[in-house]
Each structure stands twice: as C-alpha cells, then as structure tokens.
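Written out below as structure tokens is the structure these notes cover.
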Amino acid sequence: MATSVYGTKFSMGGRIQSEYSVIDVEGISSQSLIDDPTFYSAWGLSITENLGNGIKVFAIIDYGFNLSGNIGAARERYLGLSIDNWGQLKFGRIHSLFADYAGGWTIDPFVYTTLQAAGSGGTMIASANGLGSGPYTAVNSVVRFESVLKNGFSFAAMMMPGDSNSLEAELGGLLGGAGNNGGNTGGANGEWDFQVMGKYTYDYQDHKFEMFGGYSRDNVSTMQKNVSTANLKSEEVGRIGGVWSYKQFQIQGQYEHVSNALGAATCSNAAALGTPDSASRQCNSSMNAGGDGSAWYVGGQYKIGNATLVLQGGMTNANSTDFEGKRKAESFTAGMLYHLSKRSNLFGGYQHVNLKDRNALVDRDRNTWTVGLRHKF
C-alpha cells in the first residue's frame, strides 16, 4: 500500500512467518512449537521525499512481532539523507553493518529461521557494538553511512556515541549489565564505538564474485571497567569472506576473529532460542566473557526450478579465560527453500550442533528440525 501527501510518499508493508520446529537438546526434554521464534515477522512504514538534484529524504519505522502474543517489538527506526553518486547517511536505531551489509545474514539462506547459522556455531550473532542480542534487533543511537557502488567497490561505516544505554548481555552482571535491560554499552567517557566494512563485486560471464572485510570495536564502558574481577578490555572483531555464484550454483563463507568479547560476542537471552534454561539455549556462537576466539562458516546452494537446496556448516572456538573453560561448537545444516511465488515460500530442514564444553559436565549436543511458511506483503 502506497500513498503520497504534499510530495512525501508513504508505503506500508511487512512479512509474516510461521514454522513448526523441534529442538532436541541432549539430556533435556525436546521442545516443539508453532511460532516465529526468530521474529522474522514484521510490519512498518517507508517514507521518502524527493528534494530534487539527486537528493532524497527517507525514513523507516519497523516493528517485529511473533505469533505468540508479541504484537510490536521495535526494530529499525531511522531518518536519512540520500545523495546520488555518494550514498546514504542514516541516523537513529539501525541494524549493525556486521548483520546486513556484507556477510552475516546476507549470505545465510536460512536467516530468520531456527536453522540460521547465527547462534548455532560458525557465525557470530551479528556483532552489534555492545548490543548483545539476536538478528531481529537493531542498535540504538547510531549514525551510519553507506557509499554507492563505484567500479565494483563500496564501503560503509557506523558509529555509536559512548555511554549510550542499551541492551546488555545477561551474564549475572559480569559485563556490567543489570538483567536483560541494563548496563552502559558505550565506551568510557564518551568514546565512540564503531564498525567499518568494505566489499568488492565482480562479474565475469556467468560467474559472480563478492569479497568483503570489516572491523568492529566495542569500547569497554566505565561500568564494565569497574567490574574489577573480569579485567575487561575493548572488544575487537575482524571479518573476511566471500561469495562465488555460477548459474544455479553458489558457495559462500566467512571467517571472524574476536578479541576481548563483550556484549555482542557473548550470550544473551535475546540471542537464544529455547527455554530460559541456559543449557538448552542457542548461544553456541558466543565467546567467553572477556575472552578471545574465532568462528568460520561455509555453505553451498543449488537451484532446481523453484527449489533451492542448501548445505552449510561451521565451527566456533571460544578460548578459555580465568573464569570460563574452552568451548567448541560444530554445526551442520541441510534443508530446502521452495518458492511458491515471488512473495511466498516454504522452507524446512535439519541441523545438528556438536558441542564440546569444558564448563559443563555434559556436552549437550542439539538437533533441530523445522518446516515453515512465510509471506511478504
């Protein structure tokens, strides 16, 4: 639905999803539900005004919901300025570059399902500069720039003022958080957290290539520095990866290294699928608080008519710290997406996560099965 008032164009749209999923964690009763546990479902408004000379003002108001009673969780809400031949500048509550610009969600065909790579082992939970949360969330108090594509190159940068209050990881106060909605996630004394990322695309006959790399820094906050027992330092994350496509076939992958993990790289309730029992939650891509580690992911896709067959997997290594032992998670996923139309598709598949955790007496491996339907409107 679209309309225009005094030269400003409004459009309303959204998407809705339901899936039947079963999560079977070793040693814990299986969990099954019919819902949208990753909050794919959303509705919102898109607003634009053409100022002339290649300049536009635009805004997004976006709310996520699920099928179990949550009727409006705030996601992206921002105002921006677009200039032809330059790019876009956005201000407000926005997704992280590590989430939706290159790598991350953009190369995972099962993103926003219980089979997504984020959290299962092999790819980070969309590092969000202190916002320890899942892929359906966004980062508060952000200025973000995205350049246009020139000669195959583009880049983006995102900054968040220090000392901004936002969602902190739930780790019993270890990271300076206070429950699910506490903690000071910006840098100490007004330092700015930031992310930068660039990518290069190249087409040759039927081959398409994309290469990308990025860096994220989450400055340790004053509150986190005062947690003397943890000896926390500023978190740094580096990412490299690429995609190769040839006709109906595609391979994609990425590697990430994390130093001094803070909010986004550790486990939070918002990042987890499963019950409140921490042993059953989907946080196998997380690092130990204040620790180092790495994660890699690789996947392949093949299209046959309206169907896309998917095989993918990865590994997360969380190094030990003074407080937590070494943990490794290996994931494997097989499934299919079937497009009923341009707006509707079916999906389903199986995922296995093999966990080796020195913090637990039992390595609780996880098996997940799901089948679902989604529609865009």
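To the nearest 20 debye, what is the magnitude of the charge dipole of the stretch 1-87 about its Cα centre, counting +1 on the Cβ of each Lys and Arg and -1 on the Cβ of each Asp and Glu?
Charge dipole of the stretch 1-87: 500 debye, to the nearest 20.
Where Lys and Arg each count +1 and Asp and Glu each count -1, what net charge lies around Gly69 among other residues with Cβ under 14 Å from its Cβ?
On the way: positive: none; negative: Asp35, Asp36.
Surrounding charge for Gly69 is -2.
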### Cross-link pairs beyond the 19 Å C-alpha cut-off, checked among Lys208/Lys376; Lys56/Lys208; Lys9/Lys56; Lys56/Lys342
Lys208/Lys376; Lys56/Lys208; Lys56/Lys342
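Where a number appears in this text, it was derived from the coordinates with a stated rule and is not lab data. Predicted model, so just to flag it, every value in this text is computed and none were measured. Every residue, glycine as well, gets a Cβ built from its backbone with ideal geometry; the counts of neighbours run over all protein chains shown.
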